[in-house]
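Undergrad: Next up is a structure, given as C-alpha cells.
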Amino acid sequence: MEECRTSPAPFGARDLLLIVDDMELNRAILSEAFRGDYQILEAENGLEALSLINQYAHRIAAVLLDVVMPEMDGFQLLEELKGRDLLEQIPVFLITADCSEEKMHRGYELGVMDIIGKPVVPYFVRRRVSSVVELFQTRERLGRTVDLQDQQLARQALEIQELNRSIIESLATAIEFRSGESGSHVRRISALTDQLLRQLREEGQVGCAFSDEVIDQIAAAAILHDVGKIAIPDQILNKPGRLTAEEFELMKTHTIKGCELLEQIPQYRTNPLYLYAHDICRHHHERWDGRGYPDGLKGEDIPIWAQVVALADVYDALTNERCYKPPFSHQEAMEMILGGQCGVFNPVLLDTFRRLFDSAPPNDLC
Amino acid sequence: MEFQELCGRLSVDYAATLARFSGNEGLFRRFLLRFPSDGTFAKLQAAQAAGDLTGMETGAHTLKGVSANLGLSRLQTACDQLVQAIRRGDEAAVPGLYAQVEQAYRAAVELLQSEEVR
C-alpha cells in the first residue's frame, strides 16, 4: 500500500509540450496557443529537441515539429525518435508550410500523428493536438491499468496455488495422523521425489526431460500417494503385527480408493497435478517385475513418476519407525532395496538413486 | 496611431491575425513592430544579387511564412508567387516578381518605422 502512495501519479504526468522551430515568431505563436494547457519547452532545431526529449520523455505530452531547420531537421529528428521507439509514447505533429503529397507521405511513414499546415490557426491546432494527446494518454492509462491487473492476477494465481498445496498437505497429514505418524512422511517423500526427478533429468535419462514446473507438480502430487488410506479401517491401518492375507487385500485397496477420491475433485481433468496424483495413487505399489499391485503393471508400463514415488516411499518407510517396525539405518535400507527385499525396481532408477546419495547424504535431502 | 489603424494601413486583417496570437495583442504588436529588423529579406536580397535561385527560393519561402503569420498579406502573396515561379523554372518571371516582393516589403517597413508608430 505504501508503494501505491509514493509512486508518481499517473494523471498530469505529461505536462510538457515541446515546440521545435527555428523561427522565434513561429514558436511564440504556438507557445501562446498552448500556454494555458501545458508548460512549454522550446527548441530551435532537432538536436536541441532530441536532448530535451531524452531529458523529459515521460513528461512530454506532444511534440510540434517544424520540418526545415538547421543542425537536425524535422525528418532527421523523426528518424531518431522512431529508432528509439519514442513515437509510440509521444505523438509528434509536423507543422509545415510544405504540404506536398510527397512530404506528407514521408511524414506519416515516419510515424507522425498529424500534419498541420502553416500559417497555423491556433484554435484548430489546439483541437487537433488535444484529441490525439487524449487518445495517447487514455491508451497509456489503460496500458498501466492492464499491467497492474496482470500483476494482481499473477499474485492471486500464486496464492491459489499455495492454498491448493496447503490443502493437499493438510489432507495428507490428517491421514498420516490416523496411522500415528507425524505428517513429516509426506513432506519427506515429496522432497525425495523432487530430488530424484532432478537427478534423473540431470543424467539425461530417457523420458525424464521434465520442466521445473512438471517436477513441482509431481512432487506436490507425491504428497497424495496414500490419500486412499482414509478409506482403510483404523484396526488395519494401526495394527502393530503382520496383516492377515484378508487384511492385506483390504489394505491394498488404498491405491484404488485414492484414485476414486481424486476423481471427485472438480479440477481433476484439467489440472496436471491431479493427473500425476492419480497415476501415483494407483501405481505406487507396482513393481518392475509385475509383482506389485493393484494392476500388476510391468517395466515401462508403470509411469516413471509412480516408480519414483514408490522408491521414495519404500526408502522413507524403511528409514523411519513404523507401528510394525523399528527404523533401519541408511546403509541397511540401501542394502534391502538393492537386494530386492522390497520388490524389484527399475535398474536405471536404482542407479540414479544410488548416485543421488553419493552426491548428497540422505539427511540433507529432506 | 492606434494599433488597429496601423493594421488597416498595412492591409493586415487585425481580427484574424490577433486570433493567430491567441488574442494576445501585446505579443502580436511586438512581433509586427519588430518585423523591420527581421533578417530574412536581407538574405533574399543577397541571393538575388548573387543570382542564386535556390537561395532566393528559400528566402522567399521563409519570408512568406513570416508575413503570413503577421498578416502582411500583400507581401505574403508576392513571396508566394516568386516561390512558385522559381519552383516551376519560370526564370523569366523572377525579376518582375522579385520587384513586387521588394516593393511590398519596403512599403510595410516604411510604415512600421514611421514616427507615428514609434
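Undergrad: Please arrange B:LEU75, A:LEU18, A:LEU275, B:LEU63 by counting, for each residue, the other beta carbons lying within 10 Å of its beta carbon, fewest first.
TA: Neighbour counts put them in this order, fewest first: A:LEU275, A:LEU18, B:LEU63, B:LEU75.
Undergrad: So what J values fall out for segment B:79-84 if you push phi through Karplus, 6.51 cos²θ - 1.76 cosθ + 1.60 with θ = phi - 60°, rounded to Hz, Gly and Pro as x?
TA: 4, 4, 5, 5, 4, 4
Undergrad: Of the residues A:GLN156, A:GLN341, A:GLN195, which exhibits the maximal mean-square fluctuation in a Gaussian network model of chain A defined by a 10 Å Cα contact cut-off?
TA: A:GLN341
Undergrad: Between beta-carbons, use under 13 Å as the cut-off and find the net charge around B:ALA107, counting Lys and Arg +1, Asp and Glu -1.
TA: Residues near B:ALA107 contribute +1 overall.
Undergrad: While we're looking at this one, here's another question. Peptide A:110-120: average number of partner chain Cβ atoms within 10 Å per residue?
TA: Partner-chain Cβ atoms within 10 Å, mean over residues of A:110-120: 2.
Undergrad: Based on other C-beta atoms within 10 Å, arrange A:LYS252, A:LYS325 from fewest to most.
TA: By the 10 Å Cβ count, ascending: A:LYS325, A:LYS252.
Undergrad: Sticking with this structure for a sec: Just to be sure I follow: if Rg is taken over the C-alpha atoms of segment A:20-95 and Rh is the Kirkwood radius over the same atoms, what is Rg/Rh?
TA: 0.93
Undergrad: Please work out how many pairs of lysine residues in the protein assembly as shown are eight or more positions apart (or on different chains) and have Cα atoms closer than 12 angstrom. Display every interim value, and only then the final one.
TA: Details: A:LYS118/B:LYS64; A:LYS229/A:LYS252; A:LYS229/A:LYS257; A:LYS239/A:LYS325.
Here the count comes out as 4.
Undergrad: So how compact is segment A:181-258: Cα radius of gyration and Dmax in angstrom?
TA: Answer for segment A:181-258, Rg first and Dmax second: 16.0, 45 Å.
Undergrad: Using the alpha-carbon centroid of each, what span in Å lies between segment A:267-313 and segment A:78-137?
TA: 65 Å
Undergrad: Under a Cβ-Cβ cut-off of 14 Å, what is the net charge of the residues other than A:LEU110 that fall near it, where Lys and Arg count +1 and Asp and Glu count -1?
TA: Numbers: positive: A:LYS82, A:ARG84, A:LYS103, A:ARG106; negative: A:ASP73, A:GLU79, A:GLU80, A:ASP85, A:GLU88, A:GLU102, A:GLU109, A:ASP114.
Net of charged neighbours comes to -4.
Undergrad: Another question about this same structure. What ³J(HN,Hα) values, in whole Hz, does the Karplus curve 6.51 cos²θ - 1.76 cosθ + 1.60 give for segment B:3-9 when θ = phi - 60°, with x put for Gly and Pro?
TA: 4, 5, 5, 4, 4, x, 5
Undergrad: Which of rounded, prolate or oblate describes segment A:39-155 when judged by the alpha-carbon gyration tensor and an a/c cut-off of 1.5? Walk me through the numbers on the way to the answer.
TA: On the way: a/c = 2.07, a/b = 1.72, b/c = 1.20.
Here segment A:39-155 falls in the prolate category.
Undergrad: Here is a follow-up. Any idea what angle helix A:254-263 forms with the longest principal axis of chain A, computed on alpha-carbon atoms, 0 to 90 degrees, nearest 10?
TA: Its long axis makes an angle of about 30 degrees.
Undergrad: What are the ³J(HN,Hα) values, in whole Hz, obtained from phi via the Karplus relation 6.51 cos²θ - 1.76 cosθ + 1.60 with θ = phi - 60°, for each residue of segment B:66-71 in sequence order, with x given for Gly and Pro?
TA: Once rounded to whole Hz, the list reads 5, 5, 5, 4, 8, x.
Undergrad: Taking +1 at the Cβ of each Lys and Arg and -1 at the Cβ of each Asp and Glu, which of A:VAL132, A:GLN55, A:ILE232 sits farthest along the dipole of the protein assembly as shown towards its positive end, judged by Cα position relative to the Cα centre?
TA: Result: A:VAL132, furthest along the dipole toward the positive end.
Undergrad: So, one more: Rounded to a whole number of µm²/s, how large is the Stokes-Einstein D of segment A:179-365 at 4 °C and 1.567 mPa s, given Rh as the Kirkwood radius over C-alpha pairs?
TA: So the translational diffusion coefficient is about 77 µm²/s.
Undergrad: How many angstrom separate the Cα center of segment A:140-196 from the Cα center of segment B:51-69?
TA: Cα centres, segment A:140-196 to segment B:51-69: 75 Å.
Undergrad: Turning to a different aspect of this structure: How much of the DSSP beta bridge set in chain A is antiparallel, as a percent to the nearest 5?
TA: Rounded to the nearest five, the antiparallel share is 5 percent.
Undergrad: In the P(r) worked out for segment B:4-98, what percent of Cα pairs fall beyond 19 Å?
TA: Here the tail beyond 19 Å accounts for 43 percent of pairs.
Undergrad: Can I ask one more? Picking from A:ARG178, A:ARG155, A:ARG27, which is most flexible by a Gaussian network model of chain A using Cα springs under 10 Å?
TA: A:ARG27
Undergrad: What does the average come to when, for each residue of peptide B:19-31, you count the partner chain Cβ atoms lying within 10 Å of its Cβ?
TA: 4
Undergrad: Over all alpha-carbon pairs of chain A, lay out the pair-distance distribution in 10 Å bins, whole %, shortest bin first.
TA: Final binned percentages: 5, 19, 20, 9, 6, 9, 12, 11, 6, 2, 0.
Undergrad: A further question on this structure: If you rank A:GLU249, A:GLU32 by fewest surrounding Cβ atoms within 10 Å, what's the result?
TA: A:GLU249, A:GLU32
Coordinate-derived values only; no laboratory data. The structure presented is a predicted model; accordingly, all values stated were derived computationally and were not measured. Here Cβ is always computed from backbone atoms with ideal geometry, including for glycine, and neighbour counts include all displayed protein chains.
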